[in-house]
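The values are calculated or read from the model by the stated rules, or taken from the named source; none is laboratory data. Every value quoted in this text rests on a predicted model; they were computed, and no experiment measured them. Here the Cβ positions follow ideal geometry from the backbone for every residue, glycine too, while neighbour counts run over all protein chains shown. Quick note on the areas: whole protein, heavy atoms, side chains included, nothing else; ligands and nucleic acids left out. Shrake-Rupley method; radii C 1.70, N 1.55, O 1.52, S 1.80 Å.
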Amino acid sequence: MKKVFSKMNFLLLTLMIIYSVFGLLMIFSASSVAAVLRYQVPTNYFFIRQLMWIILGYGVGIVVLHIPTKLYRYGSKIAMFGILFLLGFIFIAGSISGGAQSWYEMGFANFQPLELAKIVLIVYLAVYYHRMASKKKISLWNLIYPIIIAIIIFILIAMQPDFGGAFIIFFITALIFFSLPIGKRHKRTVYKIIGFGVVVLLLAVTFLGKSILQSYQVSRILNYTNPCQRYSDDTGYQVCNGYIAIHNGGLWGVGLGNSTQKYLYLPEAHTDFIFPIICEELGLIVGILVVTGYFIILFLILSIAKETSNLRNSILAYGIFAYLLAHILVNLLGVLGLIPLTGVPLPFLSYGGSYNLCVIIALFIVQRINVENKEDKIKKKIENL
């Protein structure tokens, strides 16, 4: 066990721990008022629940750290079928929250299969394309089969409707596909198929999905510019109050716990809009440090991806890079009103049990890849002696 821990990337581990602790602190600060006034629960309610999920995440992560990635091939298909079942069954047994049917109520906690779907999809694509790369000839069907599965996941999530989650599935799949070492001819064919599928989907939504087009989520997506001119409307209220929070904080903030916007002005202060609360209480300087830390994490993941000696681990690392990058960009750009607001959480900092559990597991997969990279280097040195 000590040998495995000694081969981890300690800068990445340190940043994971810092963000976990900082996230707990900010969730407690941002949620304490809403917990009492809105949810009628103790002030530390969301803090305790987030703490439990983080402890679980690191516990599972330590197990993941000791599982060789070559063993993923034994469970990737079963996990994919399980996710497809959960995403389909959610329309029968799922709970509706915020206008989307995305959750399973489990009594002690809510589970969102979308979050697990992102990790399972990355693992599935990595295992599949690694195995495919060993074949002498690659047929077009072999190339697009997992893309079709990804499209099914995309459609199931978009039907909930959760367009932010659907976009992240698309982003992960696209980046992984772009990184594959295959011929341009095959890639061009796949692009045409995907383009045709997108056109068909848009036409279907336009002519058959009037109820979807009139939904709250779509109206929010189509109407996101100049939020403060729509302050009394749901599509502008949250973003405009986020602006006010950031403005209130200035460079150095009003002090930890002293936010005024968390007094129900920002309904999702401890989830999607945690970043404006950070800027309000701790200042724009800390906000910039938070973003800088994220990009250091992303850089470390890319560095580990480039050192891998096999396609499976390369796809795993690049997929997790895409997963985190998409969440960071979609959340921050949405909060700042630069793109539509889609309810995507921020890694480690936003409240969300199943999401943060999956983020921690994903980063421990990256740590496992780093361990295997170092083991491969040691083996090569011994072979060269």
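The set of residues in segment 25-34 being open to solvent by 20 Å² or more (accessible area, probe 1.4 Å) and either under 21 Å from the mean Cα position of the chain (by Cα) or farther than 19 Å from G255 by Cβ (or both) consists of L25 alone. Out of G334, G353, one residue alone is of a type outside the set (A, V, I, L, M, F, W, C), within 23 Å of I54 (Cα to Cα) and in contact (Cβ under 8 Å) with a residue 60 or more places away in the chain. It is G353. The single condition from (1) among the small types (G, A, S); (2) in contact with a Gly (Cβ under 7 Å, 6 or more places away or on another chain); (3) in a helix (DSSP H, G or I) that A150 fails is (2). Working only within segment 265-274, note down all residues that are buried (at least 23 other Cβ atoms within 10 Å of the Cβ) and either farther than 22 Å from C228 by Cβ or among the aromatic types (F, W, Y) (or both). Residues satisfying the conditions are H270, F273.
Among the residues of segment 315-357, which ones are among the polar types (S, T, N, Q), outside any loop (DSSP other than H, G, I, E, B) and touching a Gly at 6+ places or on another chain (Cβ under 9 Å)? Selection gives N331, N356.
Contact map, segment 77-91: residues that are touching a residue at least 24 places away in the same chain (Cβ under 8 Å) and more than 8 Å from L156 (Cβ to Cβ) paired with residues that are part of a helix (DSSP H, G or I) and among the small types (G, A, S), Cβ distance under 7 Å, separation 6+ or inter-chain. Pairs shown: I83/A117. Note on segment 15-39: residues that are in contact (Cβ under 8 Å) with a residue 24 or more places away in the chain and under 20 Å from G293 (Cβ atoms) amount to 13. Within segment 245-264, the only residue that satisfies the criterion of being within 21 Å of P340 (Cβ to Cβ) and open to solvent by 20 Å² or more (accessible area, probe 1.4 Å) is I246.
For segment 143-157, the set of residues classified as open to solvent by 20 Å² or more (accessible area, probe 1.4 Å) and either among the hydrophobic types (A, V, I, L, M, F, W, C) or touching a strand residue (DSSP E or B) at 6+ places or on another chain (Cβ under 7 Å) (or both) consists of I144, I148, I151, I152, F154, I155, L156, listed by residue number.
Against the list (1) over 28 Å from T69 (Cα atoms); (2) open to solvent by less than 20 Å² (accessible area, probe 1.4 Å); (3) in contact (Cβ under 8 Å) with a residue 24 or more places away in the chain, the condition L12 fails is (1).
For segment 277-318, the set of residues classified as farther than 30 Å from E372 by Cα, of a type in the set (V, I, T) and open to solvent by less than 10 Å² (accessible area, probe 1.4 Å) consists of I277, I278, listed by residue number. Checked against the criterion of being open to solvent by 10 Å² or more (accessible area, probe 1.4 Å), assigned to a helix (DSSP H, G or I) and at pLDDT 85 or above, the candidates I361, I382 yield just one match: I361. Of all residues in segment 88-99, exactly one satisfies the criterion of being of a type in the set (A, V, I, L, M), farther than 24 Å from E268 by Cβ and at pLDDT 80 or above, namely I92. Of the residues in segment 68-126, how many are open to solvent by 30 Å² or more (accessible area, probe 1.4 Å) and aliphatic (A, V, I, L, M)? Total satisfying the criteria: 10.
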